[in-house]
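Let me begin by presenting the structure, written as structure tokens, before commenting on it.
The values are calculated or read from the model by the stated rules, or taken from the named source; none is laboratory data. This one's a predicted model, so the numbers in the text were calculated from it and none came from an experiment. As a convention, Cβ positions derive from the backbone with ideal geometry for all residues, glycine included, and neighbour counts pool all protein chains shown. For accessibility, only protein heavy atoms count, side chains too; no ligands or nucleic acids. Shrake-Rupley method; radii C 1.70, N 1.55, O 1.52, S 1.80 Å.
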Amino acid sequence: MEFIAAGQVQPPDVIYGQLFKDVQLSKIFPDGKTFVDCTPKRDPKEIVKDYLAVKNNPAIKFSLKFFVEENFELPHTPQLNYITKEKDIVMHIKNLWGVLKKDADKPVAGSSLLPLPYPYIVPGGRFREIYYWDSYFTMLGLKESGETEMIENMIKNFAYLIETYGHIPNGNRTYYLGRSQPPFFAAMVQLLASIKGDEVYKTFLPALEKEYNFWMDGANKLKPGKAYRRVVMLNDGTILNRYWDDRCRSSSKIWKK
């Protein structure tokens, strides 16, 4: 399967242009993450077209917040309303898995969410998507709760991201596609193998190899003291990995529009 390059999937600032800029600068929402996590109710191109028309019409009394609320579904965070009732901490944690669970996603044009094919656990609150290395520690808790199926579903989702986009982004949002987090996918697979056996390694080997190649891209061409994307060669020839955001750099023209 050919993966989708990060530059082919556009984040909200590119899709919504001036509307995005105006919403974020006007601070109609106290959290800058609110608008980028909204879901459009109709074709994003039509929303932008209508916005520019009403914005530039002095005869119309215009409310930016009302326009956004009319054209977008605001992100829902039900876990904020969760009230602790259990006295036993183990039972409390087990119940939280249901609160933080998201079912498989349905694709929506113009949404920043990268849809995942299997259920998964989110951190909660304003973090309505899965995050990469955070999820390993979530899986440790899931293992203690006997939630093996959920661990496997989350690993399948990460394998899907690798197969689809070439790597596991910071989180399953378009605005995270340019960067990853410390690679814990191999540790996740090892965790599942400790429960279900070594056959797990064979299942996820293709994804493991693809992620390794993502992190080591360009290493064979490096010279001492030089760096390329996520690899750096020290003067003694040692190769290290580093943080690198492809979108902010190689796609700088997109961000300058």
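Per-structure values
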| quantity | calculated |
| --- | --- |
| Any hit, the range 171-181, residues being modelled with pLDDT of 95 or more, part of a helix (DSSP H, G or I) and of a type in the set (Lys, Arg) | no |
| All positions within the range 119-128 that are modelled with pLDDT of 95 or more and surrounded by fewer than 19 Cβ atoms within 10 Å (Cβ to Cβ) | PRO119 |
| Flag if ILE168 is aliphatic (A, V, I, L, M) and either over 14 Å from TRP215 (Cα atoms) or part of a helix (DSSP H, G or I) (or both) | no |
| Residue that is surrounded by fewer than 19 Cβ atoms within 10 Å (Cβ to Cβ), in contact with an Asp or Glu (Cβ under 8 Å, 6 or more places away or on another chain) and at negative phi, where the choices are ASN56, ASN95 | ASN95 |
| Any chance VAL189 is open to solvent by 30 Å² or more (accessible area, probe 1.4 Å), outside any loop (DSSP other than H, G, I, E, B), out of contact with any His (no Cβ under 6 Å at 6 or more places or on another chain) and β-branched (Val, Ile, Thr) | no |
| Flag for MET1 being part of a helix (DSSP H, G or I), open to solvent by 80 Å² or more (accessible area, probe 1.4 Å) and at pLDDT below 95 | no |
| Residues satisfying the stated conditions in the range 139-164, i.e. hydroxyl-bearing (Ser, Thr, Tyr) and open to solvent by 20 Å² or more (accessible area, probe 1.4 Å) | SER145, THR148, TYR160 |
| Inter-residue pairs, beta-carbon under 9 Å, first farther than 24 Å from THR77 by Cα and in the range 28-52, second of a type in the set (A, V, I, L, M) and in a helix (DSSP H, G or I), 6+ apart | LYS45/ILE15; ILE47/LEU19; VAL48/ILE15; VAL48/LEU19; TYR51/LEU19; TYR51/LEU64; LEU52/LEU19 |
